[in-house]
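Reading through the structure tokens given below for one structure.
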Amino acid sequence: MITEKTDCDKHKWIPLLGINKGRNVPTALFTCLKCGDLKVGTETIKISRFRLDMGDLPIKSVSTIGIKEPLASDHTASGIIVSMTAGENLVFGDFVYFKSDGKCWKADANVAGAYPCMGMAIATINVNTAGDILLHGTARDDTWNWITVGGVVYLSIVAGEATQTQPSTTNDAVQVLGIATNADRIYFNPSKDYITRA
Ligand SMILES: [Zn+2]
């Protein structure tokens, strides 16, 4: 999971000093005496050992963005995430679709309306609370056991699960969710296209 330190109850900001004309002067860069957070200006960019928080500022002129692969430990993910509300209790690795009630529910290839899958829960998210949903990236779950590394992973006919065997019954949805990068890892990039079995 994403390790993010909780802020102090109340930061104690002090400006870092620079030298101007032989004298120490405060700069626009601050650090918290208690937690070590850094910020630039007024609450805009915050930097700590655990995160870079841009607030709502855009990131521009980035040449590459590195997504982690391989992932070093169980129940971790790397990529683009969004905070969304769960329609039912979810756990790490549940593949979800976005329902008309505006919430994430376990996707299911043999339940009409319960697909396409659009994300994967990367935390335990209780019903009607918001949590992290992976939209595109890499993930590791040591309970996965993909048979064919390098092979396609499909939405399963078991709610919230994925499979490397295409659903084959009439009306089942066939949706590609990604590629197995290891027996326990996946490159997750769910297709918005799917077919239903004739
Ligand atoms: Zn602090």
Legend entry - Only one of 46, 106 that is at pLDDT below 95 and surrounded by 13 or more Cβ atoms within 10 Å (Cβ to Cβ): 46
Legend entry - Unmet criterion (only one of (1) part of a strand (DSSP E or B); (2) exposed (fewer than 14 other Cβ atoms within 10 Å of the Cβ); (3) aliphatic (A, V, I, L, M); (4) out of contact with any Phe, Trp or Tyr (no Cβ under 7 Å at 6 or more places or on another chain)) for residue 14: (4)
Legend entry - Residues that are touching a residue at least 60 places away in the same chain (Cβ under 8 Å) and assigned to a strand (DSSP E or B), drawn from the range 175-198: 177, 181, 182, 185, 187, 188
Inset, instruction - Go through the range 149-198 residue by residue and tally those that are touching an Asp or Glu at 6+ places or on another chain (Cβ under 9 Å) and of a type in the set (Asp, Glu). - result: 2
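Can you confirm whether residue 153 is assigned to a loop (DSSP other than H, G, I, E, B) and either modelled with pLDDT of 95 or more or not β-branched (Val, Ile, Thr) (or both)? Give the steps one after another, and end with the answer.
Working: assigned to a loop (DSSP other than H, G, I, E, B): no; either modelled with pLDDT of 95 or more or not β-branched (Val, Ile, Thr) (or both): yes.
So residue 153 fails the test.
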Legend entry - residue 51, sole failed condition from (1) at pLDDT below 95; (2) closer than 26 Å to residue 165 by Cβ: (2)
Legend entry - Total residues in the range 7-27, condition more than 10 Å from the ligand (Cβ to nearest atom) and of a type outside the set (A, V, I, L, M, F, W, C): 9
Inset, instruction - Kindly provide the set of residues from the range 115-140 that are among the hydroxyl-bearing types (Ser, Thr, Tyr) and in contact with a Phe, Trp or Tyr (Cβ under 9 Å, 6 or more places away or on another chain), ordered by number. - result: 115, 124, 138
Legend entry - Residues satisfying the stated conditions in the range 21-55, i.e. aromatic (Phe, Trp, Tyr) and not in a strand (DSSP E or B): 50
Inset, instruction - Inspect all residues belonging to the range 90-112 and state whether any of them is within 15 Å of the chain's Cα centre (by Cα) and more than 30 Å from residue 174 (Cβ to Cβ). - result: no
Inset, instruction - List every residue pair whose Cβ atoms sit under 6 Å apart, with the two residues 6 or more apart in sequence or on different chains, where the first one lies in the range 34-51 and is under 12 Å from residue 12 (Cα atoms) and the second, anywhere, is among the basic types (Lys, Arg) and surrounded by 14 or more Cβ atoms within 10 Å (Cβ to Cβ). - result: 37/46; 39/46
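The values are calculated or read from the model by the stated rules, or taken from the named source; none is laboratory data. Bear in mind that the values here come from a model prediction, so they are computed numbers and not experimental data. Note that we place each Cβ from the backbone using ideal geometry, even for glycine, and neighbour counts take in every protein chain shown.
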